[in-house]
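Inspection log for the structure reproduced underneath, given as structure tokens.
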Amino acid sequence: MGLFSLYKPKEYKYRYIYYDPKKETRDAREKELQAQEQAKADGTYRPTIRRGTFREMANKNKSNRTEQIRQANVRLLIIMVLLVLLFYFLIR
């Protein structure tokens with residue numbers, strides 16, 4: 001009855017969503033091949049931008065950026081060592 005029943009919060013049911021990049025690239029390639037076959041048959045326009053292009057470029061630029069940061073850190077370390085050596089010889 002209403003006198004002894006306790007409040008139970010609504011249960012949250014999480015639906016899992018899995019992302020499979022291999023499957024996505026495979027499906028994209030299959031669609032692209034089908035579009036090429038249709039374009040050959042129809043002679044229609046085929047856009048050059050496809051899904052995933054920007055993600056690929058972002059990953060590529062990320063690796064380039066990390067390499068540039070690493071090189072800058074090495075240069076900074078070399079300059080600091082040279083300045084410490086110069087300071088040491090000036091004091092002596």
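Where a number appears in this text, it was derived from the coordinates with a stated rule and is not lab data. Since the structure is predicted, the reported quantities are computational estimates derived from the model, not experimental observations. Note: ideal-geometry Cβ built from the backbone for every residue, glycine included; neighbour counts use all protein chains shown.
Peptide packing for 25-31, 75-81 was compared via the average number of neighbouring C-beta atoms within 10 Å per residue; ordered from the highest value, the list is 25-31, 75-81. For the chain, the square roots a ≥ b ≥ c of the C-alpha gyration tensor eigenvalues yield an a/c of 1.5 or more together with a/b not exceeding b/c, which makes the shape oblate. Once the Cα atoms are used to define both axes, helix 53-91 deviates from the longest principal axis of the chain by about 20 degrees.
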